[in-house]
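In what follows, a single structure is set out as structure tokens and then discussed.
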Number of protein chains: 4
Amino acid sequence: MKTLNLGLIGAGYIGHSMALAYRAVGALFPDLPPIRLAMLADANDAVATKAAQRYGFAASTGDWRTLVGDDGVDIVAIATPNHLHHDMALAALAAGKHVHCEKPLALDMREARAMADAAARAGTRTIVGYNYLHNPMIRLARRMVARGEIGRVVHFRGFHEEDYMTDPALPFSWRCERKYAGAGALADLGSHIVSFADALAGPIAELAADVATVVAERPVPGGGMRKVENEDQGQFLARFASGATGAISASRVATGRKMGLAFELVGTEGAIAFDQERLNELRVYRAKDPSGARGFATILAGPEHPDYAAFCPAPGHQIGFTDLKTLEVAHFLGAIRDGRPAEPDFATALRYEAVIDAALRSAESRAWERVER
Amino acid sequence: MKTLNLGLIGAGYIGHSMALAYRAVGALFPDLPPIRLAMLADANDAVATKAAQRYGFAASTGDWRTLVGDDGVDIVAIATPNHLHHDMALAALAAGKHVHCEKPLALDMREARAMADAAARAGTRTIVGYNYLHNPMIRLARRMVARGEIGRVVHFRGFHEEDYMTDPALPFSWRCERKYAGAGALADLGSHIVSFADALAGPIAELAADVATVVAERPVPGGGMRKVENEDQGQFLARFASGATGAISASRVATGRKMGLAFELVGTEGAIAFDQERLNELRVYRAKDPSGARGFATILAGPEHPDYAAFCPAPGHQIGFTDLKTLEVAHFLGAIRDGRPAEPDFATALRYEAVIDAALRSAESRAWERVER
Amino acid sequence: MKTLNLGLIGAGYIGHSMALAYRAVGALFPDLPPIRLAMLADANDAVATKAAQRYGFAASTGDWRTLVGDDGVDIVAIATPNHLHHDMALAALAAGKHVHCEKPLALDMREARAMADAAARAGTRTIVGYNYLHNPMIRLARRMVARGEIGRVVHFRGFHEEDYMTDPALPFSWRCERKYAGAGALADLGSHIVSFADALAGPIAELAADVATVVAERPVPGGGMRKVENEDQGQFLARFASGATGAISASRVATGRKMGLAFELVGTEGAIAFDQERLNELRVYRAKDPSGARGFATILAGPEHPDYAAFCPAPGHQIGFTDLKTLEVAHFLGAIRDGRPAEPDFATALRYEAVIDAALRSAESRAWERVER
Amino acid sequence: MKTLNLGLIGAGYIGHSMALAYRAVGALFPDLPPIRLAMLADANDAVATKAAQRYGFAASTGDWRTLVGDDGVDIVAIATPNHLHHDMALAALAAGKHVHCEKPLALDMREARAMADAAARAGTRTIVGYNYLHNPMIRLARRMVARGEIGRVVHFRGFHEEDYMTDPALPFSWRCERKYAGAGALADLGSHIVSFADALAGPIAELAADVATVVAERPVPGGGMRKVENEDQGQFLARFASGATGAISASRVATGRKMGLAFELVGTEGAIAFDQERLNELRVYRAKDPSGARGFATILAGPEHPDYAAFCPAPGHQIGFTDLKTLEVAHFLGAIRDGRPAEPDFATALRYEAVIDAALRSAESRAWERVER
């Protein structure tokens, strides 16, 4: 198998996570194409140099265009703030690279559509960083749904709630600003729970939304207050294309919640529940179990579930956050190797973005809005 | 203290629960007015006779009007199907009785308003059977909110989900018919979670709703199928008068859920979570706890919480469903003794009904609707 | 059916619980013999009078011998401190009464044997207040074991831990004194978990124990400190007659535990777990469930489980502590009606006491000891 | 900082885990000495070659003595079956290497003592693979205990239970044979829970134990049955040097348990509970919290806890099994860098082995035995 050369843009939180994943994947999945850490870019040259050394990249640059233009690079991984995704992805696709872009895809639908279109034209592989989808427990849930084990899906209730901005003393940052972040909690967190909804109950057709900015203004470093431009929390009622109903919410001020990405999926013959704060567990109810013995069973991730065995041959030993990113990378490399679409690629992620876009429109119009790609 | 004579109408599920509660209350709360079980009415005369004997009522009747008209009766407790509440309550109030009415108050707003008006005129005490409000853990939650222990309330997410009608083979019953039940899951279950929302986050001002009938038709005993007339599940986005946001849902086809009456209440400095399936627990998060040691604490009901000690002097021993009904009765008797409104009386319950009414209107109009009493 | 006249001795915590149960049982179980509350005795005459009025007993007395000697009394219920059980039970049995005795049976094996012998001679019904055994979930567990649903039982790990004496400032009381309480945590709490072990894994044949008095002395009201005479915590390794192994512990200083009566029962083909702090749940694992879908299922108590339906026709609504006592009474009345032994009668409870006795001996001898009745 | 050259012996389950950890550590902890993957040894030469390629080792060998004798190797990591630890560790120490040995240290006390003595003489760093000790949540627990946050520790109840040998059809393997595995569940699993007990409650002074072989014989591949030579489950009562009491058990046939490494630690002013199946959670109770608001708080691992931030700056995102091994390696490298003992080094691990040894002696003698190093 041909070695694939990775160019990584961004040395922050997500860049760290991606670097760890690309470093680890080969030892875990020896049947995938080998990875060579070719180049790391960061807007800050010194940061790039230091990060490249830390992770073992062969080269570094302070200019992402150098990386994108480098013939030695096969995969461009984009781990930068949201407003940069569009230009970087377009340049990378134009240069014929496979593109691994952190979520959300883009600032708005215009950008997102352009990116999905460019990906379709380029013919290379793309993937967007909805890493929680690659959890063996989520894949188990999808398999159960696909096999009809919970009957027809009739309801999806889910949320992604964290409290990283509960404290009103936290300063104004790019996350509060529309031109750098786009939407607020809906884009940052809501898109994750939308990815689960889409994977488990199918596309959302229409919705009615409401948003609120709980902390209206935040202190600016250096003095003064500045108005927060996007929502702290958002929520919507959903109608899926299948006719199923849904209720979805997102919050970055959900005091007490650290990684509250959770759902309950109701079927006519069973139900599935999940909470990312216990990511190695899936709770499953089967209406057909014998009377007197029915109840939600807590299934622990184990080697009988997809990909778990790469980490450990024994059940219940737990995988973690960085492992999920590694599974995302593994999935991407498999798609590259096999010439099939990764999931979610730009086209699929566009579907998630369209839901967030419709939610923002609905919160404005105070009316039901159709999801339009 | 004057002994209060109870007249109970209805010998079904709720009648049983009320009878147990009125029988038990005196031994648990010796400071409340003593109760005499004066008369039990049921449409079926033989059933009434048998039930009166079982519970120890002094008399029975097959005609509820006899009971309501009896001078020896001080309290009329109404435990009949929803469509009968209105006429019975009006007659009882007109006869100068205190009225204990099972929830929901009535079939629709017109009836409910008439009942609240009649109660205001009668000047006797009324209470509606939102028994879960009397849980020591809910009262603890309310006290915490009132004391500002979780800061300003910004979000309420709650649901009441059961699966008693998941099975499509369950026959058509009065619960499926508008003229006997009014709304479906929203009226039967949604009103409970609305009572929690109201108690913890204040009145709901406006909402956007959606409903669905998952099992469109059900078998009629004797043959054939009949269209179900009300919703199996309903959900709405809420705006509270305080500005807080909310998301509330109800379902009678939530496969796997038996008594899923649960909420999370988010404040700016803490959060409270509750699930009726573990009714003796309240989960509380305080943002001001020391860093590194913050987390949701599971508080077990104990004698330091309101009214628990009546049942047991030791914490953690658990109260149950019938105890909650007894606490409702105790609260009612205290209100009668002290000449103060019980909670929720007809006026307060009207507020809950108005929310359900607005939800049904919104599901129809597909628009945000104001809650109007 | 003949009405049974109850004489209750003791108006404290347990007396309250028994009074509530005997008051409630008739309305819940109309097929059992009716109960008449005939007489209540308490060492304090005024207390007896007041309690009789509160619970509705026809008469009261300050002398329990009057109650035991009354021809109108059919059942003597003993709810007094441990050191009085022996004399009261013997007198009641000699007078031909059915005897409902609170646990533990007696202060020591000599007393307990005398009581069991007297019961055998009397030929009336006896029951000892191991109320937790009557939980529908425990009965479900027993049924599962009996049916072989978890295979052969190989291990029982259980404890009963509370923290009611954690605080070293709590004064010295009769519970700390051998002549009034007998053993400490092992007698008060350990006997409950032994009753579960016996019911689920059969009789314990031998054991090795250790005990500790964590708070060595306690303040005496009025001044000074006094040495605590019995154990705050005790634990033992067990060998069941079946060959299964066990580990059992009890503590009254288990900080944080309120009603920690919990076990895990391991079989060759499944496992069952229970915690009294969530008494409406049974957690069951079946090794034969399909691979990938195995996990502990949380079964919620419902009408399909023994006796639950008496309280509520809907599952998940929860029963509580006082309901368990009512179930104990119902079981006792059924045994009286049918002329069969109640469970646990004095003979069975003697088996539990023998385990506690062996544990105390082993803690002294520092050797394995056989359980000897 | 000098780069440290790693020689890894063993390419099985644990070798995999160690390889992943040594590969990952540098990117996560840039302040530690860099690691070069110098050589991998496996008894099977072809396996060694393939594994070396997979993980990126510079060289491989079929003879571990070649690795140990190589001047270019600084650290020898031993990931082989238990019976080989002794000879390999002694050879590595004699060659002046730092030694990372998988647990348990050795087959018996004679071997373990020889290894601890050799380590003391060698003056290089040693560590034994009790990876669960390096969990940020366990380190938090230790810190709480050290600071007196739960008062004086009075009881430790813990177990390590899995079900990997529940199935009687599983064939006889080296794990069932004394000369290759030493003890059974007590050595394999019990040593982990002993490491927790030692870290949290101090050294165990004496104990009384019991063991059982639940599946007495197992099929031999090729036909016939063979007697299992060591225990499937073991349990003991413990007395700590501090006077605290304990109850500890281990089982490899605990049906339903996958990674049931759990404990409750009781102090005079609080309690701490943990379960490895939810390794990112610590449950803490503080007796001094305000009345009415006390309860076990579930603390989620986050960047405010030791070392978590290396993986993720956001709380609640979860670390996994492989991350724990990486933390073990990081701790080891820090000890090498700083010239201080790692924990647990051979001397400390000897203390754990001595407990297991005493348990086996006690199970034989049926008497309390002192732990003797």
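The values are calculated or read from the model by the stated rules, or taken from the named source; none is laboratory data. These figures come from a predicted structure and were not determined experimentally. Backbone-built Cβ (ideal geometry, glycine too); neighbour counts: all protein chains shown. For the accessible areas, the whole protein counts, side chains as well, though only heavy atoms, and no ligand, DNA or RNA atoms are used. Shrake-Rupley method; radii C 1.70, N 1.55, O 1.52, S 1.80 Å.
The table below gives the values:
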read-out: Of the trypsin sites (Lys or Arg not before Pro) in the stretch B:307-367, those whose Cβ has at most 16 other Cβ within 10 Å and which sit in DSSP loop; value: B:366
read-out: Distance from the stretch C:71-92 to the stretch A:52-111 (C-alpha centre basis), Å; value: 84
read-out: Highest-MSF residue in chain A out of A:250, A:301, A:187 [GNM, Cα springs under 10 Å]; value: A:301
read-out: Efficiency of FRET from Cβ geometry, residue A:309 and residue A:226, R₀ 56 Å, rounded to 0.05; value: 0.65
read-out: Inter-copy spacing of residue C:53 label points, which lie 7 Å from Cα along Cα→Cβ, given in nm from shortest upward; value: 3.4, 8.8, 9.4
read-out: All-pairs Cα distance distribution in the stretch A:174-244, expressed in whole percent, bin size 10 Å; value: 19, 40, 25, 11, 4, 0
read-out: Copy-to-copy label separations for residue B:66, where each label sits 7 Å from Cα toward Cβ, in nm and ascending; value: 4.3, 9.8, 10.3
read-out: Dipole magnitude of the stretch D:197-239 about its Cα centre (Cβ charges: Lys, Arg +1; Asp, Glu -1), debye to nearest 20; value: 160
read-out: Sorted largest first, extent of the stretch C:1-88 alpha carbons per principal axis (Å); value: 34, 24, 23
read-out: Which listed pairs, of A:50/D:50; C:288/D:227; A:50/D:97, have C-alpha distances above 29 Å, in listed order; value: A:50/D:50; A:50/D:97
read-out: Simple label model, 7 Å out from Cα along Cβ direction - residue A:46 to residue A:13, nm; value: 2.4
read-out: Closest-to-axis residue of chain B (Cβ criterion, axis taking B to C), whole Å; value: B:320, 2
read-out: Span from the the stretch A:222-287 Cα centroid across to the the stretch B:193-241 one, whole angstrom; value: 21
read-out: Hydrodynamic radius by Kirkwood, which averages 1/r over all alpha carbon pairs of the protein assembly as shown, in angstrom; value: 34.4
read-out: Amide H partners (placed H, <5 Å) of residue D:8, local residues excluded; value: D:39, D:40, D:41, D:77
read-out: Förster-model FRET efficiency, 56 Å R0, residue A:179 and residue B:143, C-beta, rounded to 0.05; value: 0.80
read-out: Cα centroid separation, the stretch D:315-332 to the stretch B:1-38 (Å); value: 60
read-out: Loop trypsin sites (Lys or Arg not before Pro), the stretch D:1-105, which have at most 12 other Cβ atoms in a 10 Å radius of their Cβ (DSSP); value: D:2
read-out: Teacher prompt: residue C:205 distances to equivalent labels in other copies, 7 Å Cα→Cβ, nm; value: 3.3, 6.8, 7.4
read-out: Share, in percent, of DSSP beta bridges within the protein assembly as shown that are antiparallel, nearest 5; value: 60
read-out: Tensor-based shape of chain A (alpha-carbon gyration tensor, a/c under 1.5 rounded, otherwise prolate or oblate); value: oblate
read-out: Farthest positive-ward along the stretch D:4-129 dipole, Cα basis, beta-carbon charges - from D:79, D:16, D:28; value: D:28
read-out: Net charge of Cβ neighbours under 15 Å - reference residue A:106; Lys, Arg +1; Asp, Glu -1; value: -2
read-out: Proportion of all alpha-carbon pairs of the stretch D:44-189 beyond 27 Å (%); value: 40
read-out: Under 10 Å, Cβ to Cβ, from residue A:134 - net charge with Lys/Arg +1 and Asp/Glu -1; value: -2
read-out: Solvent-accessible surface (1.4 angstrom probe) belonging to residue C:61, in square angstrom, nearest 10; value: 20
read-out: Ratio Rg/Rh [Cα only; Rh per Kirkwood] for the stretch B:50-105; value: 0.95
read-out: Over the stretch C:234-348 - Rg/Rh using Cα atoms and the Kirkwood inverse-distance radius; value: 1.01
read-out: Most mobile of A:334, A:151, A:224 in a GNM of chain A (Cα contacts under 10 Å); value: A:224
read-out: Summed side-chain charge close to residue A:84 - residues other than residue A:84 whose Cβ falls under 13 Å, Lys, Arg +1, Asp, Glu -1; value: -3
read-out: Check: the stretch B:311-362 dipole with +1 on Lys, Arg Cβ and -1 on Asp, Glu Cβ, in debye; value: 20
read-out: Unit charges on C-beta of K, R, D, E only; dipole of chain C, Debye; value: 500
read-out: The stretch D:136-213: C-alpha pair distances exceeding 19 Å, %; value: 50
read-out: Ratio of the Cα radius of gyration of the stretch B:291-361 to 2.2 N^0.38 Å, where N counts its residues; value: 1.57
read-out: Largest to smallest accessible area among D:225, B:259 [probe 1.4 Å]; value: D:225, B:259
read-out: Surface share of carbon and sulfur [accessible, 1.4 angstrom probe, percent] for chain D; value: 50
read-out: Global form of the stretch B:119-163, assessed from the alpha-carbon gyration tensor, a/c cut-off 1.5; value: oblate
read-out: Shielding score for D:258-267, defined as the mean number of other chain Cβ atoms within 10 Å; value: 5
read-out: Where the stretch A:4-129 is the region considered: accessible area per residue in Å², 1.4 Å probe; value: 35
read-out: Expected 222 nm ellipticity per residue - DSSP helices of 4 or more, -39500 (n - 2.57), all of chain A, to 500; value: -10000 deg cm²/dmol
